[in-house]
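Q: Sending over a structure as structure tokens; questions will come in a sec.
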Amino acid sequence: MALAHERVFGQRYLPLQPAPYKAYIETYGCQMNFADSELVAGILQSTGYGFTADPAEADLVLLNTCAIREHAEEKIWQRLKYFQSLKHKRSHLIVGVLGCMAERLRKKLMEEAPVVDLVAGPDSYRHLPQLIRQVEEGHKAIHTLLSREETYADVAPLRLSPHKVSAYISIMRGCNNMCSFCIVPFTRGRERSRPWQSIVEEARTLADQGYKEITLLGQNVDSYNDNGVLFAELLQRVAEAVPEVWIRFATSHPKDMKDEVLKTIAAYPNLSPYIHLPVQSGSDSVLERMNRGYTAAWYKERIAAIRTYLSDAVLSTDIIVGFCGESEEEFQDTLRLMEEVRWDSVFQFMYSERPGTLAARRYKDDVPSSVKQARLEQVIALAQRIGLENHQLRIGKVYEVLLEKAARRNPEDMAGRTFSGLPVVVRDASRRYEPGDKVRVHITEVSAVTLIGYALGAA
Ligand code: SAH
Ligand code: SF4
Ligand code: F3S
């Protein structure tokens with residue numbers, strides 16, 4: 001989901017105040033999982049836990065996992081071996097697996113990785129204190145019941161990112177879409193929307209704490225519905241409640257994205273015109289097998305609507321290559337669509353069969369992995385070329401940029417984003433500015449993925 005859409009990576013929490021017991025949380029997967037880890041941290045803190053960035057000094061290790069592709073799960077099996085070795089040295093260490101892989105594999109995790117003491121699915125986090133107590137009393141603990149109501153609306157997340165610049169708010173949970181390739185409806189259950197008042201309140205609290213950017217999260221934000229308050233209205237209420245904060249959201253679904261939402265974005269100066277609209281494939285027959293509920297022509301019409309209402313829109317997408325039965329011709333349709341839509345960034349994946357999904361039951365995973373790999377490389381090369389061409393048109397322009405952190409390559413530079421979500425590296429900014437500052441930046445160079453420039457002054 002979304003530009004900060006790095007799919008699978010670990011995040012280590014920073015130490016907070018000293019406490020008798022220390023938890024270490026490592027998070028994989030999408031932004032929703034990151035938001036969930038902050039809920040889990042909030043729940044643990046209220047039971048007296050502190051946090052550490054070093055697993056070697058932790059009393060409780062929690063892995064918040066992802067199940068979207070096989071590779072995501074393989075990584076966790078590997079990580080568990082490491083925690084097994086740690087437990088040899090710290091016998092009281094409790095190891096728990098949370099998130100989507102916990103929901104999918106349940107008992108199998110404990111059976112095949114004896115290091116695992118505790119398994120809790122995405123709707124089970126309220127039960128963590130009891131589950132931990134159960135482990136302390138010498139039992140294994142498991143809770144993976146999915147709920148139709150749980151939205152954690154009353155749980156205060158503990159924000160642990162090093163800078164108070166950007167924050168996530170989950171506005172809904174689960175997914176009812178049943179895209180044939182996708183495990184999420186099985187790991188996160190039925191869709192439910194969080195009451196709009198609690199979202200607005202959380203946004204206001206974040207604004208009062210000095211946050212500059214908020215991303216509203218859901219697997220399909222366009223189907224948000226809190227007793228008749230739809231997504232466009234929610235956006236409007238949040239935009240009005242925190243006029244000083246930039247608001248983003250993810251993820252939109254092409255079959256459900258309404259013009260009303262686009263009109264609302266156009267009407268409020270703090271609603272970012274960044275739209276992540278996963279297409280998955282450019283072929284109608286593949287889209288049909290994927291059960292996505294739209295055609296390539298429908299998708300293009302939605303893109304045209306975005307560009308009509310939002311002249312400065314920045315667009316990104318997800319593409320799966322090598323889905324069941326994908327012929328060379330069908331794959332070429334995807335490349336053709338890329339040339340037509342010209343997304344600013346593309347997240348591309350090789351199809352990975354997930355047990356129990358519609359596709360796994362109905363179709364054969366019959367595209368050889370060498371073909372998947374070759375197609376992935378073609379998508380990457382084309383996305384890079386188009387991304388670079390789009391970026392070249394931005395050389396010489398001046399953008400307002402929210403600075404987020406020191407740049408990875410050169411800590412004298414800072415990394416940030418434009419209001420429309422484009423990543424920017426600002427040269428020599430670290431001496432003059434801090435994370436959270438907004439500056440005007442003159443773009444002098446570009447790469448396929450970032451704009452690069454110099455700060456002209458505070459915005
Ligand atoms: N609701 C979100 C889905 C999150 S999953 C959304 O629609 O964006 C993020 C992306 O992972 C999907 O868009 C899809 O491109 C990819 N994905 C999901 N299941 C996959 C699978 N089985 N194999 C490969 N990629 C997959
Ligand atoms: Fe998965 Fe489709 Fe739901 Fe996204 S919309 S989470 S791809 S089922
Ligand atoms: Fe997210 Fe992975 Fe679950 S992408 S919803 S953490 S399967």
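Q: Lysines within cross-link reach of residue 87: Cα-Cα under 27 Å, excluding same-chain residues under 8 positions apart?
A: 22, 75, 107, 108, 140
Q: How large is the direction-averaged shadow of the alpha-carbon convex hull of segment 21-143, in nm²?
A: 6.6 nm²
Q: Same structure again: Grab the DSSP H runs of the chain that are 4 residues or longer, score each as -39,500 (n - 2.57), total them, divide by all residues and round the 222 nm result to the nearest 500 deg cm²/dmol.
A: Working: 14 runs with 160 residues, N = 459.
Helices in the chain give a 222 nm mean residue ellipticity of -10500 deg cm²/dmol.
Q: Can you spot the lysines whose alpha carbon is less than 20 Å from residue 405's alpha carbon? Ignore those fewer than 8 places along the same chain.
A: Here the lysines satisfying the reach criterion relative to residue 405 are 164, 212, 438.
Q: Amide H of residue 169 versus every other amide H placed in the peptide plane: which residues, excluding those fewer than 5 positions away on the same chain, fall under 5 Å?
A: Excluding prolines and chain starts, which carry no amide H, the hits are 215, 216, 217.
Q: Would you list 152, 224, 309 from fewest to most Cβ contacts within 10 Å? Walk me through the intermediate numbers first.
A: Numbers: 152 21, 224 25, 309 17.
Placing the least packed residue first, the sequence is 309, 152, 224.
Q: Please tell me the relative contact order of segment 282-431 in percent, rounded to the nearest whole number, where contacts are Cα pairs under 8 Å and at least six residues apart.
A: Values: 190 pairs, mean separation 29.0, N = 150.
Dividing the mean separation by the residue count of segment 282-431 yields 19 percent.
Q: Something else about it: Measure out, as a whole number of angstrom, how far apart the alpha-carbon centroids of segment 186-239 and segment 249-313 sit.
A: Taking the Cα centre of each part, segment 186-239 and segment 249-313 sit 19 Å apart.
Q: Roughly how far apart, in whole Å, are the Cα centres of segment 375-434 and segment 116-183?
A: 33 Å
Q: Normalised by the number of residues in the chain, what is the relative contact order in percent for Cα pairs under 8 Å and 6+ residues apart?
A: 10 percent
Q: Rounded, prolate or oblate: which fits segment 254-337, taking a ≥ b ≥ c as square roots of the Cα gyration tensor eigenvalues, rounded meaning a/c under 1.5, else prolate when a/b beats b/c? Intermediate values should be presented prior to the final figure.
A: Values: a/c = 2.80, a/b = 2.44, b/c = 1.15.
Here segment 254-337 falls in the prolate category.
Q: Exposure proxy check: 447, 311 ranked by fewest other beta carbons within 10 Å?
A: On the way: 447 13, 311 9.
Taking fewest neighbouring Cβ atoms as first place, the list is 311, 447.
Q: Once the other residues with Cβ under 9 Å from the Cβ of residue 222 are scored (Lys, Arg +1; Asp, Glu -1), what is the net sum? The partial results should precede the final answer.
A: Numbers: positive: 255, 258; negative: 256.
Combined, the nearby Lys, Arg, Asp and Glu give +1.
Q: I need the phi-derived Karplus couplings for segment 312-321: 6.51 cos²θ - 1.76 cosθ + 1.60, θ = phi - 60°, integer Hz, Gly and Pro marked x.
A: 9, 4, 10, 10, 9, 8, 10, 10, 9, 9
Q: What area, in nm² and to one decimal, does the C-alpha convex hull of segment 398-458 cast on average over all directions? List each step's numbers first, then the result.
A: Working: hull surface 13.9 nm².
If I average the Cα hull's projected area over directions, I get 3.5 nm².
Q: As a test of the definition: which semi-axes, in Å, follow for segment 132-234 when you take the square root of five times each eigenvalue of its alpha carbon gyration tensor? Largest first, please. Display every interim value, and only then the final one.
A: On the way: eigenvalues 131, 99, 34 Å².
Sorted largest first and rounded, they come to 26, 22, 13 Å.
Q: A follow-up question, please. Please arrange 77, 343 by counting, for each residue, the other beta carbons lying within 10 Å of its beta carbon, fewest first. Show your work: numbers first, answer last.
A: Values: 77 13, 343 23.
The fewest-first ordering by Cβ neighbours comes to 77, 343.
Q: Loop-only trypsin sites (Lys or Arg not before Pro) in segment 326-380, please: DSSP not H, G, I, E or B, and at most 11 other Cβ atoms within 10 Å.
A: Here the sparse-neighbourhood loop sites are 364.
Q: Cα extents of the chain along the three principal axes, largest first, in whole Å?
A: 62, 55, 46
Q: Starting from the Cα-Cα distance between residue 263 and residue 371, subtract it from 0.36 nm times their residue separation and give me the gain in nm to one decimal.
A: On the way: separation 108, 0.36 × 108 = 38.88 nm, distance 4.17 nm.
Between residue 263 and residue 371, full extension yields 34.7 nm more.
Q: Right, here's the next one. Name the cysteines of the chain that stand alone by the Cβ rule: no other cysteine Cβ under 4.7 angstrom.
A: When partners are defined as cysteine Cβ atoms under 4.7 Å apart, the chain leaves 30, 66, 100, 175, 324 without one.
Q: Can you list the HN-Hα couplings for segment 370-380, worked out from phi with the Karplus curve (6.51, -1.76, 1.60; θ = phi - 60°), rounded to whole Hz and with x for Gly and Pro?
A: Karplus values, whole Hz, x for Gly and Pro: 5, 6, 4, 4, 5, 5, 4, 5, 5, 5, 4.
Q: Rounded, prolate or oblate: which fits segment 95-139, taking a ≥ b ≥ c as square roots of the Cα gyration tensor eigenvalues, rounded meaning a/c under 1.5, else prolate when a/b beats b/c?
A: oblate
Q: Taking just the alpha carbons, could you work out the radius of gyration and Dmax for segment 207-303, both in angstroms?
A: Considering segment 207-303 through its Cα atoms, Rg and Dmax are 14.9, 49 Å.
Q: What are the ³J(HN,Hα) values, in whole Hz, obtained from phi via the Karplus relation 6.51 cos²θ - 1.76 cosθ + 1.60 with θ = phi - 60°, for each residue of segment 108-122 in sequence order, with x given for Gly and Pro?
A: Result, rounded to whole Hz: 3, 4, 5, 5, 8, 10, x, 5, 6, 9, 9, 10, 9, x, x.
Readers should treat all values here as calculations from the given coordinates under stated rules, not as data from a laboratory. Predicted model only: the values in this text are computed from it and were never measured. Because the Cβ atoms are built from the backbone with ideal geometry, glycine has one as well, and the counts that use them run over all protein chains shown.
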